Structures are given as C-alpha cells and as structure tokens.
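The values are calculated or read from the model by the stated rules, or taken from the named source; none is laboratory data. No experiment lies behind these values; they were computed from the predicted model shown. Every residue, glycine among them, receives a Cβ derived from its backbone with ideal geometry; neighbour counts consider all protein chains shown.
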Amino acid sequence: MLEIKEIYMSYNKNNILNGVSLSADYGTCIGLIGTNGAGKSTLLSIIAGVIKPVSGDIILDDKNFSSNPSDLRKLTGYVTQDNPLIPELTAMDNLRLWTPYSKKEILNRLTKSPLSYLGVDKFINLTVKKMSGGMKKRLALASVLLNNPKVLLLDEPFTALDIPARYDILEYIKYFRENGGLVICASHEEAIFNFCDKVYLLNNGTLTDTHEISDGLSYLDILRKSNEK
C-alpha cells in the first residue's frame, strides 16, 4: 500500500502542493487531472523519489521514505513526459544504461509477457533519433519496467502517440494493474480514466477526489471548471 501524507512543496516561495494526501492499494490505478503547472509532475517526482518535498511523508509497504526518498527509485518506475533517452544510441544501448542486465537477459525479458506487449524487441537495434513518438514511449516504458517496479508512475503517457501505440500501452497498464501493480497516471486523456479506480483533481495545490465534485460532469468538464477559478 502507498500512503502520501501532507505533502508540501514550493518553488521560489510559490506553493505548488499544499498538504496533498492520498492512499492507494496494489492492484489499482489512480488518475491525476489538472491544468498545466498544477503540480502533477512535481507530485509524481516526489513519489518517485526524484525530488524531496518541503515536508510530508511517503510510505510504501509500511516503510517511511521521508528521510531517504531516493530509496523509492528502486521500487517505482517513473516514465516522464519527455522520454529521457539518448538519441544517438540504439534501443538496446539505452536499456543497458537504465538496467543492470546483459543484452541476452534484456531480450529474454522483452520477448516474454508482459513486456512483449510493448514490442520493443522489434526495433531493438534502431537508434532513438530514427524512432517514432510511439516507439520512444514504448522504449521509455520498457526501461523502467525491466526493473520490476511495484509502482508505475506515468506523466502524460499518450503524448505524441498514434492509436495503435495508445492501445498497446493501455493494455500493458491494465495487465500491470491486474497483476498486483499500482499505477498512478497524470493525463489529460479521457480514455485512460475509464479504468482508473479513482481520479483526483489537483488544483491550487490541493488534491480532491473527483467523485466529491463531479455532479455528473465529465473529467474534462471538471478540468475546464477548475481552470475558470
């Protein structure tokens, strides 16, 4: 179980997160909506142990990581919006940078379920600069999933993806959740929220369960409404 308790974060005296709290069990998918700059990426980075909050607790499996947030990186897989890949290297070389495995071990894992859903083995020797947006996203996802994370964090996973790539990544997210993984996804795409167990709105540094404010509105309508405030 993941517990986030009273997370505060600020940049240059500007409050980004004001006491954000939520809890989520394994086998669930949590969605985050909010306008650009609302703090979604900041919250995901804190959960991933990439940045340390001003205050608050991140607890996973009853262990508090507040004093050593970097230890969370061993348990979480964080796929950022901008795909941190090296353009001049092949898919295989990029994977070897992010994982401790040999080429043989990487290929073995990529060709077996569930990673086979991503199809990275089909372009394993292609350089990143020659890849489509969908290929890059699949590769970025594989680079974190090879390490068997307990929690998968996704920041706008559908950016620059065509329909087949979106479908394949959605199928993997479903598989990951159904096999006991925890998914937290920040997105503007309605499709991904259709199988989320809960969706939260991040607005003015505050996290709110959308079920408490939905009043029959779609998630996009909730987002538009929050942007008007």
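Taking into account only those residues within the stretch 123-159 that are within 12 Å of residue 80 (Cβ to Cβ) and of a type in the set (Lys, Arg), which is farthest from the chain's Cα centre (by Cα)?
Step one: of the stretch 123-159, the residues within 12 Å of residue 80 (Cβ to Cβ) are 136-137, 140-141, 143-144, 153-157, 159.
Remaining after also requiring of a type in the set (Lys, Arg): 136-137.
On the way: 136: 15, 137: 12 Å.
Taking the candidates together, the pick is 136.
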Q: Residues being free of Cβ contacts under 8 Å to residues at least 60 places away in the same chain and assigned to a helix (DSSP H, G or I): count how many of those fall in the stretch 117-142.
A: 17
Q. Residue 164 versus (1) at pLDDT 90 or above; (2) of a type outside the set (Gly, Ala, Ser); (3) in a helix (DSSP H, G or I): which is the lone unmet condition?
A. (1)
Q. Where in the stretch 13-116 are there strands (runs of 3 or more DSSP E), lying wholly inside it, with at least 3 residues that are surrounded by fewer than 20 Cβ atoms within 10 Å (Cβ to Cβ) and over 13 Å from the mean Cα position of the chain (by Cα)?
A. 14-24, 55-60
Q. Just a yes or no: is a residue in the stretch 28-38 more than 24 Å from residue 159 (Cβ to Cβ) and out of contact with any Asp or Glu (no Cβ under 9 Å at 6 or more places or on another chain)?
A. no
Q: Output the residue which, of all residues in the stretch 127-144 that are of a type outside the set (Gly, Ala, Ser) and either in contact with a helix residue (DSSP H, G or I) (Cβ under 6 Å, 6 or more places away or on another chain) or crowded, with 23+ Cβ neighbours inside 10 Å (or both), is farthest from residue 29 (Cα to Cα).
A: 135
Q. Looking only at the stretch 145-159, which residues are at positive phi and either buried (at least 24 other Cβ atoms within 10 Å of the Cβ) or out of contact with any Cys (no Cβ under 9 Å at 6 or more places or on another chain) (or both)?
A. 148
